Every structure is written in C-alpha cells, then in structure tokens.
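Data first, discussion second: the structure below is written as structure tokens.
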Amino acid sequence: MTKQTHRHADCLDPILGRYGHDASNLLQILRELQECVGYLPAVSITCLAEKLAIPRARIESVASFYSFLHLQAHGEYRVLFSDNITDRMLGSVELMQSMCRQLWVEPGKVSEDGLVSINTTSCTGMCDQGPALLVNGRAITRLTHQRVQEIAQLIRNRTPLADWPADFFRVEDNIRRSGLVLDNRLVPGEVLRAALSMSVRGSTGSPRTEIGTAVVEAIKQSGLRGRGGAGFPTGLKWEACRNAQGANHYVVCNADEGEPGTFKDRVLLTRQADLVFEGMTLCALAIGAKQGFVYLRGEYRYLLEPLQAVLQQRRDSNLLGRNILGQSGFDFDIAIHLGAGAYICGEESALIESLEGKRGVPRNRPPFPVTHGYMQQPTAVDNVETFCQAALAIHMGAENYKAIGTAKSSGSKLISVSGDCPRPGIYEYPFGVSVREILQDCGAVNTRAVQISGPSGVCVAEHEFDRRLGFEDLPTAGAFMVFDDSRDMFEVARNYVHFFAHESCGFCTPCRVGTSMLKQTMDKIAAGLGTQYDLSEVENLDHVLQTTSHCGLGRTACNPVLHTLKYFRPAYESRLKSLEFKPAFDLDGALARARQMTGRDDAGAHLKTEAT
C-alpha cells in the first residue's frame, strides 16, 4: 500500500462524515481530500464514487473543472505565481524564472524528483502587495529576489509549510481611506435588534412577516444597489426572493472576488466579518431563509478558520442558530464553502452550481436565482460589500443612508487601488468621487490610464479623469488599476485577453473559440505579424461574442482591446507588419520555420518580391 493510499484511507471517511455523505458537497469533499493526500489519486476517486453512489465520471468532471484540484501529482510543493498585470509590472515574470532556475524545474512541469512544480495562476487578490504567489494554497506576498531564494531553499530542504517564517504569509489590509463601512463600530447583533423592533404601519400579518416586510421596505427606500458592478437594486431582489414560492429560501454571499485588481472583500472579511454576517442574517430575516452560505474564493483559504471562529462566536451569542435573539422561529445559520480556482464562479448562477457540488457552468436565465437558485429554491445572492451596506442602511435609517453619495448611487464604495502609485490599498469614498481625486489620494503621477472594474470594465484615459464613480457614469465592482506613462497599454490589454482565454469555462462555443481567437490575434500582433485587417476583425469578433455568448465573460472579453485601441492605437499600429497589408497567404512568412531549421536567413532563402 502506497503512502498516498494510506493517507487516502485515513482521510476519506472522516471527511465524508463531516459532509453527511452528501454528493451536493462534492467540491468541498474533493478539496479537503486533496489537502490531506496532496492530490486526488485514482483509488480515491473510485472509493468516493462508491461511497456517494455517483458515477466516477461525474467526480472526474468536477475535479477537472477547477484549476486548484489535481488528478495527477503536482509535487510536494505546488508553487503558483500570480500572473495579474500588476504582478507582472512588479517583476513577477523574472522572479518566477529565477525560482525555476534555482529548483531546476521548467514552468508548468513537475521536477524530476517529484518535489515541486511551478506555474502561474490568475490574480490572487493581493494586488496591493505583490508580486505574490501561492504555495500549496497559501499566499505569500511582497516577493523579492531574496525572498524567492529563501523559498527555494525551504523547498529543497523539504521544510513543512508550518515551519516557514510567519512573515512570508503576512497579508496587510492597507486601508488608506476609511468611511461609512470601515469606520463603523457596531456591536454584533446591534442591527438585528434594531430590525426586530421594526414594523409596517397597518400590517395584519404575523410579527415575523411584518418585520421581514419592514426590512425589505427600508432597504428599498435606502436606494441600496448591489456592489458587484451591475448595481441591481438590493431591495427589489430581496422582495422578489421573499415573494417567490418555494419550500426553502436561501441567502448566499458571493465572496469569490476573482476580478483582477479587486481585493476589497478580502479586507472586509478580515476587518468586518461580523458586519458581513449581520447583513446576511438581516437578509434571512427579510426573505424567510434558514440557511446561508459564504462562497469564499480558494485564494483566500487562509481566512477559513478565522471566519469559522467568528461564526461560532455568533452562535454562542445567539446571533445564529435557533430562535435568534429570542425571536421564536427566527432560525438561521451560515456555512462556508471554499472555491477551487474558477473565475467564472463569480457569476451568480455558476456560483450556485458550484455550491451544489457541480462544475461551475453558468445557467440559462431566466429563471433567475431569486426564484430558482440553490437547489432550485428562491435564493438571494449578494456580494460581501452589499451585505455590509445593507446592515448600515438599516442601522442609519433609509433617509440618512440615501443622503450619502449621489441621486442614483447611494452610500459609499470601497475601491481597490493598485498599479503605478506609491500608496496602493483600500480607499472608501461616497459615490460620486472622480477618478482624478482617487489618483491624487493614492499619489499617482504621470498617469496614462486607469482600468476601472478590472478587465471586464472600462479603460479611462487622461482626458476622462474628471469622470465620476457611480451608476450614472462609471459603475464599478471596485478595481482601480493605475498605469503611468511608462506602460505599454497593448501589453496590458494582451494580459487581460490571456486571462479571459484561460478562465473561459468552455461551455459555449462562441466564448470558448472566440477568446482563443482573440488571444491568438494579440499574440500575432505582439510577434510583429499583425495587420490592419486583424484590428478590424477584433470588432467583428466582439459583435459575435456580444450577441451569442452564454454569459458575461464572453460578452466583455473584447473590452480591453477595444478600449485601448480607442485611446492608444499607436501601441498597436507600431507592431503591425504593414498598415497597408491586404489579407492573403504569406508564403515567405510560412517558410520562416524552415529557414530557422536550416540555419539560413540570407536573401536567397527568401522569396523574391517584385521591385516597386
């Protein structure tokens, strides 16, 4: 019996016991099994299929969907360098090459002794303190060449992660400007007590129904809109979920902030976990839910135990569980589910699929989650910041809350600032703040462009810096990536395009093929082989993706190219083979590989062209 088989036998039954042998928890079972064994060996898959009474193919299908799950051994140490554009700007590529040289391993491969593998991953949510990497799922920030050397030595010595220097794993909050959310000093339970005293004038329903209705009305009156970027009115969502027919109602907190450049939820879950859970419990009171879930992105694995501890404190204080705060029938609890490396799970229906232990493929809509969400039951899905804002709206009162911000964007917004500025971190402003004000506060100079709301958002050039953040002008999920005049905006867009191609779930042909074609086009231009024809084809590709993609990933995949083309076209045209090139087969170009193989590049090795 192998060492892995021994570990598998010791781990599997306790894990299955914790999850009640329930196949809807398949992702969590696989994640914990991999943490125990190191990967997911064939013997484990076979045994798991028998114990859960599900096809082996289903397990392999789920495991192969998530980039942090592995059906093959990836070494005792799995090192993943963050490949976000801000990490690249800070030298991550050179640092990764240095580690590969020191450990004698090729990128994307396992070392011959099975000790280590080194590769890249998408944004780790540490943009304010990069370059960053993950080693066996643990985040290490503020990488330098010296730190990379120290990590390589620890790996060579097979030092357990528990014995690595604690400073390696230190994650800073970097709160640069606080406001409504970050400055609050609410006592746990304070908002719930206020909500339980609310009533609706003229209501003849039960006290619980009356309170729920009052909460929904207050949220509607506050003007609160979702902080995930789309800005759907939160009160309307809760009302629709409350009124939907279903045996059970659910609350889901989307903490899968995978958009490159966004890390505000990481800070809120560190600093304001009680407020997040208070907002979720408030939502449960409003919609009549008894169960809630936090879907925590896999890169934030280090937050799992601290969050579990906060939940237990709330249970001990009668803020979760049965008859919360003595209110008969007010029963609600929260479970944390951890993601496993899939950007698409930030889309709410894909997140629900993942919660149910499936591949995170977006659903067809309608129906929407408010009527057919988790287990096809009414489900309210909001992100971390939205639940915090909801709790504050109830605490302050709808009118006082609505007075902050702008007419169509009430309250405050947390901004994740990264890139070319001396003070990256979290900034909180009332809605309506201008791009220029944020640049001044973070100390940015000679700024060429700002990417608002990540790759799927918009690129704002210098002449637009007086535009304002808000649903009237620049809606944002929170990312604010700064690029000064030393940056090549073509390479910025190319990094985003590679991100979309990597993160496409592959479900629909337009996105699967279209993002790959876009990536190939950008790589072709980068190699000096692009033409004006390629640039015009991007617009045609965007039309196809906009009209036929299954979800928002495909529909926004061309945004980085189109926006940078609009403002920084010379960055593209300077790389083109010819501005007057007409599309045709380039035979001489096709022979380049043959010239390389024969070691010839003289005039005689090229096709003769007619003299002009």
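One table, with the values for the structure above:
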item: Some residue of region 184-195 being outside the structural domain of ARG101 (by TED's automatic domain parsing), basic (Lys, Arg) and part of a helix (DSSP H, G or I); result: yes
item: Counted residues, region 456-470 - those being assigned to a loop (DSSP other than H, G, I, E, B) and over 24 Å from VAL497 (Cα atoms); result: 4
item: Subset tally (residues that are farther than 25 Å from VAL450 by Cβ and outside any helix (DSSP H, G or I)) for region 86-121; result: 16
item: Considering residues of region 527-543 that are surrounded by 14 or more Cβ atoms within 10 Å (Cβ to Cβ) and assigned to a helix (DSSP H, G or I) only, the residue nearest to the chain's Cα centre (by Cα); result: ASP542
item: Residues within region 331-346 that are part of a loop (DSSP other than H, G, I, E, B) and crowded, with 22+ Cβ neighbours inside 10 Å, tallied; result: 3
item: Any hit, region 308-323, residues being acidic (Asp, Glu) and under 24 Å from the mean Cα position of the chain (by Cα); result: no
item: Matching helices (runs of 4 or more DSSP H) fully within region 196-281 where at least 2 residues are over 27 Å from HIS337 (Cα atoms), at pLDDT 95 or above and assigned by TED's automatic domain parsing to the domain that holds GLU348; result: 207-222
item: Test: residue in region 62-71 that is buried (at least 16 other Cβ atoms within 10 Å of the Cβ), without any contact (Cβ under 8 Å) to a residue 40 or more places away in the chain and in a helix (DSSP H, G or I); result: yes
item: Residue list for region 473-500, filter: surrounded by fewer than 19 Cβ atoms within 10 Å (Cβ to Cβ) and touching a Ser or Thr at 6+ places or on another chain (Cβ under 7 Å); result: ASP484
item: Residue identified as without any contact (Cβ under 8 Å) to a residue 24 or more places away in the chain, touching a helix residue (DSSP H, G or I) at 6+ places or on another chain (Cβ under 6 Å) and more than 24 Å from ARG301 (Cα to Cα) among ALA57, ALA49; result: ALA49
item: Selected residue (criterion: surrounded by the most Cβ atoms within 10 Å (Cβ to Cβ)) from residues of region 397-437 that are assigned to a helix (DSSP H, G or I) and without any contact (Cβ under 8 Å) to a residue 12 or more places away in the chain; result: GLU437
item: Residue within region 488-508 that is part of a loop (DSSP other than H, G, I, E, B) and under 25 Å from LYS408 (Cα atoms) present; result: no
item: Counted residues, region 84-119 - those being out of contact with any helix residue (DSSP H, G or I) (no Cβ under 7 Å at 6 or more places or on another chain), closer than 22 Å to GLY419 by Cβ and surrounded by 19 or more Cβ atoms within 10 Å (Cβ to Cβ); result: 5
item: Neighbours by Cβ (under 7 Å, 6+ apart or cross-chain): first from region 476-504, free of Cβ contacts under 8 Å to residues at least 60 places away in the same chain; second assigned to a strand (DSSP E or B); result: ASP485/ARG448
item: Residue in region 140-160 that is assigned by TED's automatic domain parsing to the domain that holds GLY346, surrounded by 12 or more Cβ atoms within 10 Å (Cβ to Cβ), part of a loop (DSSP other than H, G, I, E, B) and at pLDDT 95 or above present; result: no
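The values are calculated or read from the model by the stated rules, or taken from the named source; none is laboratory data. Here the structure is a predicted model, which is why all the values come from computation and not from measurement. Counting neighbours? That spans all protein chains shown, and the Cβs are built from the backbone with ideal geometry, glycine included.
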